[in-house]
Amino acid sequence: MLSRAKEALPNELSSESRFVIPRVDILYEGKRTIWRNFAEIQQIIHRDASHFLPYILREIGTAGEQSGTRVIFQGIISKEQLQDRLNRYIDIYVICSVCKRPDTRLERRGRIIMLKCDACGAICPITRRKRR
């Protein structure tokens, strides 16, 4: 009976991930780079722009500002650079290191930022990972 029940399940349920980050969508205007889907990604990862944007600006090494649902960077930044920094941010500040789920939130305890997982209950301090 168990094998018949497994065969009756649709394949889409087991292959889909509920945490899908869209690719970075950028546009170039002169010597500026515009990240058009910044607000959409920010909503999906459940992080405040006051933490997410300064991290991206610091990692890219340029100035920028949020304008509505997009971010305008000074200079020309490649799509691969932004996607790499976004993936690194998600690995450090969004994904739980214990259960590997994105159901987390940031909490500040004194001077230390802690990553609290709502799925498994783990509380881990944020440690920067070295570049490879």
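Quick notes on this structure:
- Residue within the range 97-111 that is closer than 25 Å to Asp25 by Cα, modelled with pLDDT of 90 or more, touching a strand residue (DSSP E or B) at 6+ places or on another chain (Cβ under 7 Å) and aliphatic (A, V, I, L, M) present: no
- Tabulated pairs, the range 95-117, first within 15 Å of Asp48 (Cα to Cα), second in a loop (DSSP other than H, G, I, E, B) and polar (S, T, N, Q), C-beta under 8 angstrom, 6+ apart or interchain: Leu115/Ser97
- The one condition in (1) farther than 22 Å from Gly30 by Cα; (2) loosely packed, with under 13 Cβ neighbours inside 10 Å that Glu80 fails to fulfil: (1)
- The residue that is nearest to the chain's Cα centre (by Cα), counting only those in the range 70-101 that are within 18 Å of Arg58 (Cβ to Cβ) and among the small types (Gly, Ala, Ser), is Ser78.
- Which numbered condition Ile41 misses (of (1) assigned to a helix (DSSP H, G or I); (2) β-branched (Val, Ile, Thr); (3) at pLDDT 95 or above): (3)
- The one condition in (1) outside the structural domain of Gln43 (by TED's automatic domain parsing); (2) within 12 Å of the chain's Cα centre (by Cα); (3) surrounded by fewer than 14 Cβ atoms within 10 Å (Cβ to Cβ) that Thr104 fails to fulfil: (3)
The values are calculated or read from the model by the stated rules, or taken from the named source; none is laboratory data. Just so it is clear, the model here is predicted, and its values are computed rather than measured. Methodologically, a virtual Cβ is constructed for each residue, glycine included, from the backbone with ideal geometry; neighbour enumeration extends over all protein chains shown.
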